[in-house]
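The values are calculated or read from the model by the stated rules, or taken from the named source; none is laboratory data. These numbers were taken from a predicted model, which means no experiment stands behind them. Backbone-built Cβ (ideal geometry, glycine too); neighbour counts: all protein chains shown. Remember, those area values only see protein heavy atoms, side chains included, never the ligands or the DNA or RNA. Shrake-Rupley method; radii C 1.70, N 1.55, O 1.52, S 1.80 Å.
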Amino acid sequence: MKTINPLKRNMSADRQIEELNKRKSEYVRERSEKQLELDVINSDISLIEAQIANILMMKGRKHK
């Protein structure tokens, strides 16, 4: 029966953990970028909604 050197096994696990941490960091960075994009879009939508509300209020005043 072949025994695995515990040191090699630990090194392999360390490499896998390091790789997973890199991938996690990349996903977190991408998620942050996407969240920033969504925040900008939501801000733009809010401005457009405010403009629409102002237009509707002005139209309502003209018809009275």
May I ask you to compute the full-extension gain from Gln35 to Arg9, defined as 0.36 nm times their residue separation minus their alpha-carbon distance, rounded to one decimal in nm? 5.5 nm
Mind checking the dipole of the chain: about its Cα centre, +1 per Lys or Arg Cβ, -1 per Asp or Glu Cβ, Debye to the nearest 20? 180
Here, Ser43 and Leu56, labelled 7 Å along Cα→Cβ, have an inter-label distance in nm of 2.5
Candidates Asn21, Asn42, Asn54, ranked by Gaussian network fluctuation over the chain, Cα under 10 Å, top entry: Asn54
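Taking Rh as the Kirkwood radius computed over C-alpha pairs, what is the Stokes-Einstein D of the chain at 4 °C in a medium of viscosity 1.567 mPa s, expressed in µm² per second?
Details: Rh = 16.8 Å.
After rounding, the answer is 77 µm²/s.
Helix-only estimate, please: 222 nm mean residue ellipticity of the chain, summing -39500 (n - 2.57) across DSSP H runs of length 4 or more and dividing by its residues, to the nearest 500. Don't skip to the end; give the middle numbers.
Values: 1 runs with 57 residues, N = 64.
For the chain, the value works out to -33500 deg cm²/dmol.
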Residues of the chain: accessible area per residue at 1.4 Å, in Å²? 103
